[in-house]
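Report on the structure given below.
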Amino acid sequence: MAVLDTTNCNALNDLFTRESGRIAPTIEKRMKGKNIVLDHVKRGPFPDGMGYVINVLTVERSFTTDADDASWTAITPSSGSGNGACLPAVSNVAFGQTQRQFQLYRKAMESSDICLEDLRTDFQIGQQLGASIDSLQGAIEWELEKHAINEYIRLAGNLINVNSALSTGSAGAFDLVNPPTSTLTQGVLNQAYLNLVRDSRGDGAFGRAGAKYVYSLICSPETSYNLILQNAAIRQDWQYATQGDGIKAPLLDGYGVDRAYGNFAHIECPHMPRYDLVSNAWVRRNYWVSSSTTKGNKWEVNPLYLAAQYEVSIIFNPMVYEWLVPAAINNPGGTARFSTPDYFPANFQWKNIPDRVCNPDGTIGFFRSVLASASMPVHPEYGYAFLHLRCSPQLGLQACD
């Protein structure tokens, strides 16, 4: 009788914990904080039947070249010569179009293989599975949130290093030659605000305070603290200001924004991108770092992230880009029926793939999720991202009298 060769089958580990000694009946889980960017990125369907790479056409604004009213001429009665009353002087309004290309990208995420027979003897398996699935779902949310910020930085038309020259980057990368020399300041934000209002006339603002538009500044708690509390004049303005009492911005409800300073609502995000400049290259510091634990790995905030020299803050404008997500293919036509994943928001699905050699009884499976989206540029010129020095808040230590 032939013997089946299982040497090429994946090695399995019992991923869950069995009771040995005594284990408290409560299963604890560790999750991450919430990032508001994901909730405010515009979404739409990716068009079927047009390939993976699509061009989007933007019809640009059109004006005359006149800086004054010299082209306005007085109307005079027709006298047999000249333009007369019926033929005014003409100023040409030229049209312009910008074509931008975008593409569909995807990523799959899977858990390790799980043997269902191991679950019979694992401790509090219902709680362990529930906590593990929540953790996997958190991994999806983290991946999408990270991708949302990365895409915003890649597409933003204004990548600014905070230094005396306000050096600008290009092609989705910050300037390497002139690194930041300052933290983010209100003066830098004021200049960006004026440029943004002149260019966009308030398009993409999250609300208004009185007659002024209010934009959201998404930054770390440290940056928000430095902007407001480390400047004595701004600190006093913040203490007595009432500018933001009437902000009409329902999209900001639930994020702790109840006032604005300098036409910006501060929205704190504790995991904004951080960089170090290493060998003339920007090195992105991962927020998480893993280490082995009782079973498998645990993830902690990366010390290199906490100590990074530079940090990114963004003026978030939802008109910079839109996420286009492909729909699931269930009924493409005729009698064909399929079942493909819903790409966004994505969920982990249990996959059990029988195999005569490695999984003959269908007792081995794994969790899998597939993400896919295309970032369609809409108004990249409205996007601002600042790379600046990262400074920890002052401790304010005092000796005893």
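Summary table
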read-out: Computed label-point distance, nm, for sites ALA211 and CYS86 using a 7 Å Cα→Cβ extension; value: 4.5 nm
read-out: Computed label-point distance, nm, for sites TYR105 and GLN309 using a 7 Å Cα→Cβ extension; value: 2.7 nm
read-out: 3J(HN,Hα) from dihedral phi, the range 158-172, Karplus parametrisation 6.51/-1.76/1.60, rounded to Hz, x for glycine, proline; value: 10, 9, 10, 8, 7, 8, 4, 9, 6, 4, 10, x, 7, 6, x
read-out: Estimated vicinal HN-Hα couplings, Hz - the range 100-107 in sequence order (Karplus 6.51, -1.76, 1.60; Gly, Pro = x); value: 10, 10, 9, 9, 7, 10, 8, 8
read-out: List SER216, SER182, ordered by accessible area with a 1.4 Å probe, largest first; value: SER182, SER216
read-out: Which of CYS115, CYS400, CYS269, CYS391 is most accessible, then next, and so on - probe 1.4 Å; value: CYS400, CYS391, CYS115, CYS269
read-out: Amide proton proximity set for ASN302, modelled H, under 5 Å, gap of 5+; value: TRP288, VAL289
read-out: Amide H contacts of GLY207 (H built 1.01 Å from N, under 5 Å, at least 5 apart or other chain); value: VAL214
read-out: Listed residues TRP142, TRP350, TRP288, TRP323 arranged by accessible area, highest first, probe 1.4 Å; value: TRP350, TRP288, TRP142, TRP323
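The values are calculated or read from the model by the stated rules, or taken from the named source; none is laboratory data. Values in this document were obtained by computation on a predicted structure and should not be read as measured data. So basically every Cβ, Gly included, is an ideal-geometry build from the backbone, and we count neighbours across all protein chains shown. The accessibility values were calculated without ligands, DNA or RNA, using every heavy atom of the protein model including side chains. Shrake-Rupley method; radii C 1.70, N 1.55, O 1.52, S 1.80 Å.
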